[in-house]
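The values are calculated or read from the model by the stated rules, or taken from the named source; none is laboratory data. Note that the structure is a prediction, hence the values are computed from the model and not measured. Heads up, the Cβs are rebuilt from the backbone with ideal geometry, glycines too, and the neighbour counts pull from every protein chain shown.
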Amino acid sequence: METLLEKIKDRVNANFDLKDYKIYTDLKRVDLFFNKEHIPSVLLYLKEQMGFRHLMHMSVVDWIEEGEFEIIFFLWAPKEKVKIFVKTRIDRDNPVMENMDNIWPQLNTYEREFKEMYGIEFPGLVAPEEFILESWSGPPPMRRDFETDKYAKDNFATRPGREDAQDVRETIAKRSGEDIPDFAKKYSR
Amino acid sequence: MYNDKNKQKIVDIIKNAARKHSLWVLAYGTGCGAIEVPATMTSRYDAERLGVRGAATPRQADVLLITGYLTVKTLKRVIRVYEQMQDPKYVIGFGSCTINGGMYFDSYNTINQLDLYLPVDVYISGCMPRPEAVLEGFGKLQELIGKGIANGAQQYKENLDFYRENQKKVIKNWDFQDYNW
Amino acid sequence: MKREKATTLYIGPQHPGITGNMMVRLKVEGDTIVGARTEVGYLHRAFEKLVERRNWVQSFTMMCRFCVPEPDPVEESYARAVEMLDNIEIPERAKWIRVLVLELARISSLLLWHAGQGHSLGLYTMGQWSVGDRNYILDLFEDLTGARIYHMFIWPGGVRRDFPKGFEDKVLKTMDYLEKRLEDYDNLLFENSIFQKRTQGVGYVNPEKVIEHGVVGPVLRGSGIKSDIRIDDPYEVYDKLKFEVPTQTGSDIWARALVRRVEIRQSIRIIRQVIEKIPKGDVYTKVPNPQKWKIARGDAFARTESVRGEVGMYVASDGGAKPRRVHFRGAAYVHAVTLLEEVLIGQNIADVSAIMNSLGTCPPEIER
């Protein structure tokens, strides 16, 4: 297994400018790191030449401390049964990524989502404006600096809780005019 | 607003008795609670024996079942559906998330307290409520209808300004026409 | 032929035939669909945002709610991803129990599919039967986990508890009952000439493009490609179990229905094997105190075969007590958006609901 993974890495390395790599033998997984501009040609090569035809997933991670978004493509080769994670980093303040929905049509959906959730621009992406949110005016919500609890508190009224922290059994017992049964009393506060 | 049985006219008593045994529930699964609705309606729990059954369109339905959390996008559709429904109409809030947000209390996309936006007649607590609890909720609604105090629709008409204000606060692209009953 | 003017038709979100809370915007000419757009977002609860505020075990309560009809594969994916990240080895018995839970979930979800597929073609009896029978599976879940729908039973480190007393016998009895019922289902659904006529040749997926489209699960197997994560990328103890992966070549609703018809029988077969072969032992490994549990920086991606196909969970850690990123890949994310939009073109309006059911559309999985 290890030689197969090494071979895959070497074959990609021979054709492209591989920045870094990592091999997990027990998980049958190779991580390949590239610069942003190589990604479309790498993905096309992996798909057409090396049999990684199935795109399992695409994901974005917000590394706010490093000022970067990490974009990951998860590929799977149905024949060799090997996973490849193609990773790249883009600038967080000016996030632009190439539109690649001609390689895999389902990337169109992913790109629509990331455009909305992270504010990543995909030049040339043909899609309706809104995917999940409707007339959203705030910042892209999945960015880490967006505070969801603060937004919820400002926009949605919450029902006040019981201030006295009273036991719910007492409330119910008082309301229905019954006594708390003996066995339950020891659990009451 | 609340009137007890002594103040009901005899015609109201008859009307309410008839209404409470024929609750047509709108088939709109607004949230994850919708998964327990088929179980409630089918053979084991069989809600139809209590007069509860599904209706396909809002205009033929009596009960709007809000099955769980409401996202802002769905809330707009739900308000639309609720206003299309004809009297008598009732709302059941289904699950903890309709009462106070439940586990989604800090989500930016779900409302926390349903009765600010729609008049709720009965809440069913739980995440998610079992079919027995759903039946119990329908039983409670029938009881309230029988007593003539399930008047959420009345409340909605009388306090339309209050509800509209809350709704507009949440729904940013408000494009309903201003109308009144 | 005179070309009619295209009309826009909205199906959903309030529509009795739609699978969950979503909308399909159709362009129709007469009765024929010439364009389709899926509109989702009615169920977006921002789970992936909320887990950033919860620790590794707290975020676990979110996981089962990703997909309502079949929550367990998502729990399994998350649990396995966290175990990969923190190098937790789970006991042998826990693996077997996980397989049992996953297969029970598969049966319950397939029974729900029977109901949906029958319902979408006007066969309401199917729903009464299979949802009724599904309650027996949910009873088993209740016995084992304490809940009907959301179990939160599979968790990082194993499973929450061992079988209750007499559980094995109950499972076997339920399986015997279900096997008998499946013959009735054959008579009602699969031998029904209306069902056959309404499904054969409808909802055709081009078999040459399926892998490039990211199609998975029964839809892929219904197009003649033998692919199942349980065999291709085995997890837990699936490599020790004997079962078949059915394939069909029709690539239409009927082919996918036949695939699922065999799958439910194979699940029963797996469950019988699990009950027979399950070893004795512990059911969970001790994991650190959830309040203080920190996981070293890294990422993991775990895949599980659900009824709708492969589901996956990407988990990234920054070395802290809370996940940096949890991203779920549902089968419906592909099936219900790009694939559905393509498949619907040229079909009739009346078949939309049946096609959606057959592709395994599950809206909460798309928008999470």
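Tell me which residues, restricted to segment A:139-155, are surrounded by 14 or more Cβ atoms within 10 Å (Cβ to Cβ) and either more than 7 Å from every other protein chain (Cβ to nearest Cβ) or part of a loop (DSSP other than H, G, I, E, B) (or both).
A:PRO140, A:PRO141, A:MET142, A:ARG143, A:ARG144, A:PHE146, A:GLU147, A:LYS153
Does segment B:93-107 contain at least one residue that is assigned to a strand (DSSP E or B), in contact with a His (Cβ under 8 Å, 6 or more places away or on another chain) and modelled with pLDDT of 85 or more?
no
When the residues of segment B:95-145 are filtered to those that are farther than 21 Å from B:GLU165 by Cα and β-branched (Val, Ile, Thr), which remaining residue is surrounded by the fewest Cβ atoms within 10 Å (Cβ to Cβ)?
Among those residues, the one meeting the criterion is B:VAL122.
In segment B:46-88, what count of residues is obtained for those that are surrounded by fewer than 19 Cβ atoms within 10 Å (Cβ to Cβ), within 12 Å of another protein chain (Cβ to nearest Cβ) and assigned to a loop (DSSP other than H, G, I, E, B)?
Residues meeting the conditions: 3.
Go through (1) surrounded by fewer than 21 Cβ atoms within 10 Å (Cβ to Cβ); (2) more than 9 Å from chain C (Cβ to nearest Cβ) and name the single condition B:SER43 misses.
Among (1) surrounded by fewer than 21 Cβ atoms within 10 Å (Cβ to Cβ); (2) more than 9 Å from chain C (Cβ to nearest Cβ), the lone unmet condition for B:SER43 is (2).
Looking for whichever is in a helix (DSSP H, G or I) and modelled with pLDDT under 90 here; the options are C:GLY122, C:GLY132. Which one fits?
C:GLY132
What pairs come out if I take residues in segment B:125-151 that are over 15 Å from B:GLY51 (Cβ atoms) and pair them with residues that are buried (at least 17 other Cβ atoms within 10 Å of the Cβ) and of a type in the set (Lys, Arg) whose C-beta lies under 7 Å away, six or more apart or interchain?
From segment B:125-151, the pairs are B:ARG130/C:ARG148.
Residues in segment B:134-144: is at least one modelled with pLDDT under 85, away from chain A (no Cβ under 14 Å) and under 26 Å from B:GLY33 (Cβ atoms)?
no
Could you figure out which of (1) of a type in the set (Gly, Ala, Ser); (2) in a helix (DSSP H, G or I); (3) closer than 18 Å to C:ALA46 by Cβ isn't true of B:ALA39?
Of (1) of a type in the set (Gly, Ala, Ser); (2) in a helix (DSSP H, G or I); (3) closer than 18 Å to C:ALA46 by Cβ, only one is false for B:ALA39: (3).
Looking only at segment C:170-196, which residues are of a type in the set (D, E, K, R), assigned to a helix (DSSP H, G or I) and closer than 13 Å to C:ALA257 by Cβ?
Initial filter on segment C:170-196 (of a type in the set (D, E, K, R)): C:170, C:173, C:176, C:179-181, C:183-184, C:186, C:191.
Now restrict to residues that are assigned to a helix (DSSP H, G or I): C:170, C:173, C:176, C:179-181, C:183-184, C:186.
Across segment C:170-196, the qualifying residue is only C:ASP186.
Which ranges mark the strands (runs of 3 or more DSSP E) fully within segment A:1-108 that have 1 or more residues being modelled with pLDDT of 85 or more, within 14 Å of chain C (Cβ to nearest Cβ) and farther than 30 Å from C:VAL51 by Cα?
Fully inside segment A:1-108 and qualifying: A:68-77.
Being among the hydrophobic types (A, V, I, L, M, F, W, C) and either without any contact (Cβ under 8 Å) to a residue 60 or more places away in the chain or facing another protein chain (nearest Cβ under 9 Å) (or both) is the requirement here; does C:ILE349 meet it?
Considered against the rule, which asks whether it is among the hydrophobic types (A, V, I, L, M, F, W, C) and either without any contact (Cβ under 8 Å) to a residue 60 or more places away in the chain or facing another protein chain (nearest Cβ under 9 Å) (or both), C:ILE349 comes out as no.
Within segment B:89-119, how many residues turn out to be more than 10 Å from chain A (Cβ to nearest Cβ), free of Cβ contacts under 8 Å to residues at least 40 places away in the same chain and under 22 Å from B:ALA61 (Cβ atoms)?
Total meeting the criteria: 2.
Could you list all residues from segment C:135-169 that are buried (at least 17 other Cβ atoms within 10 Å of the Cβ) and assigned to a helix (DSSP H, G or I)?
Residues satisfying the conditions are C:ASN135, C:TYR136, C:ILE137, C:LEU138, C:LEU140, C:PHE141, C:LEU144, C:THR145.
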